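Novice: For reference, the structure I am asking about is given below.
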Amino acid sequence: MRKAQNTYKKPKEFDIIRKSYQLEFFNFIEEKISLFPSYISKSFDFQNLPNTIQGENKITEQFHRFLNSQERNFKYNEILKSDFYHFIFENQSSGEKHRSYDIGVILGKETHNTGKILVIEAKRLPTPGNSRKKEYLFGNLGAVERFRKEVHGQDIKSNQAVIIGYIQSENQNHWFQQINSWIEEENKNPNESSLAWQNADKFVKDDSFSQIKISKYTSNHSRLTLEKIKLHHYWINLIN
């Protein structure tokens, strides 16, 4: 009797780079994000924001709802119709070591999902409270520092992530100069022994993207053990 052949084939590893799914997300966010200031201005929560971390969370909840509503009418280009994938946005998405992201970008279809392909963190500018004024960059809750210390983003293979800045005073240019100034100060007088800040950590304005009330910046950072991470910063002017 002939021995039965094993016909099982190991499925190919999911390749998010080859499939350009992350590029599709950036197409999506840059097409839709300019609609958010009008969207949130109609929210009761936005008119009554507490001057605490809960206020930031309330804006992010609205941003999460906005992304899901805009996904429904987005025309996908990089994702082929035959792939049947679409974006699912998950608020307070779970990460490793009991940490959570503000928003996880998940690629899904009716039968399954691939898990997170990108993560989004968000910060108010300015962050409420004098002790938290540099929290976009530094500290236990610092958005950039969390990625650099691998508290966030260590489970995303592409070494990219997104940070949304909610501008509620001053303007984009003010915060661009202020944040780069803080990086320069930290470079000259470091407060963190395990994490060095260099001029290479400074933000760069992305002039290829410009919309009313929205600006984009990029930054590249070393991490404790992993490869460098590229952060895409979208700053939304929410001042009426």
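The values are calculated or read from the model by the stated rules, or taken from the named source; none is laboratory data. Computed from a predicted structure; not experimentally measured. All Cβ positions, even for glycine, are placed from backbone atoms using ideal geometry, and neighbour counts span all protein chains on display.
Novice: From the set of residues in region 1-33 that are surrounded by fewer than 14 Cβ atoms within 10 Å (Cβ to Cβ) and part of a helix (DSSP H, G or I), which is modelled with the lowest pLDDT?
Specialist: Let us first name the residues in region 1-33 that are surrounded by fewer than 14 Cβ atoms within 10 Å (Cβ to Cβ), namely 1-15, 17-18, 31.
Next, only the ones that are part of a helix (DSSP H, G or I) stay: 17-18, 31.
Values: Ile17: 50, Arg18: 47, Glu31: 96.
Top of the filtered list is Arg18.
Novice: Yes or no: region 142-160 includes at least one residue that is in contact with a Gly (Cβ under 9 Å, 6 or more places away or on another chain) and closer than 23 Å to Ser41 by Cα.
Specialist: No, region 142-160 contains no residue that is in contact with a Gly (Cβ under 9 Å, 6 or more places away or on another chain) and closer than 23 Å to Ser41 by Cα.
Novice: So which residues in region 198-217 are at pLDDT 95 or above and surrounded by 14 or more Cβ atoms within 10 Å (Cβ to Cβ), if there are any at all?
Specialist: Asp201, Lys202, Phe203, Lys205, Asp206, Ile214, Ser215, Lys216, Tyr217
Novice: Is it the case, given these coordinates, that Ile156 is at pLDDT 95 or above and within 14 Å of the chain's Cα centre (by Cα)?
Specialist: On the way: at pLDDT 95 or above: no; within 14 Å of the chain's Cα centre (by Cα): yes.
Criteria not met by Ile156.
Novice: So, one more: Please specify each residue of region 127-140 satisfying the condition of being modelled with pLDDT of 85 or more and either out of contact with any strand residue (DSSP E or B) (no Cβ under 7 Å at 6 or more places or on another chain) or on the phi > 0 side of the Ramachandran plot (or both).
Specialist: From region 127-140, those modelled with pLDDT of 85 or more are 127, 133-139; that's our starting set.
Answer for region 127-140, where residues must be modelled with pLDDT of 85 or more and either out of contact with any strand residue (DSSP E or B) (no Cβ under 7 Å at 6 or more places or on another chain) or on the phi > 0 side of the Ramachandran plot (or both): Thr127, Lys133, Lys134, Leu137, Phe138, Gly139.
Novice: Let me ask something additional. From the set of residues in region 40-55 that are within 28 Å of His86 (Cβ to Cβ) and of a type outside the set (Lys, Arg), which is modelled with the lowest pLDDT?
Specialist: First pass over region 40-55, keeping only residues within 28 Å of His86 (Cβ to Cβ): 40-43, 45-46.
From what's left, of a type outside the set (Lys, Arg): 40-41, 43, 45-46.
Working: Ile40: 91, Ser41: 87, Ser43: 78, Asp45: 69, Phe46: 72.
Among residues in region 40-55 that are within 28 Å of His86 (Cβ to Cβ) and of a type outside the set (Lys, Arg), the one modelled with the lowest pLDDT is Asp45.
Novice: Can you tell me which residue is nearest to Asp102 (Cα to Cα) among those in region 147-196 that are assigned to a helix (DSSP H, G or I) and either among the charged types (D, E, K, R) or in contact (Cβ under 8 Å) with a residue 60 or more places away in the chain (or both)?
Specialist: Checked region 147-196; the qualifying residue nearest to Asp102 (Cα to Cα) is Phe147.
Novice: Within region 80-100, identify whether any single residue is assigned to a loop (DSSP other than H, G, I, E, B), modelled with pLDDT of 80 or more and farther than 27 Å from Gly129 by Cα, and answer yes or no.
Specialist: Taking region 80-100 first, the residues assigned to a loop (DSSP other than H, G, I, E, B) are 80, 84-85, 95, 99.
Narrowing the set further to residues that are modelled with pLDDT of 80 or more leaves 85.
Within this subset, residues satisfying the condition of being farther than 27 Å from Gly129 by Cα are 85.
Yes, region 80-100 contains at least one residue that is assigned to a loop (DSSP other than H, G, I, E, B), modelled with pLDDT of 80 or more and farther than 27 Å from Gly129 by Cα.
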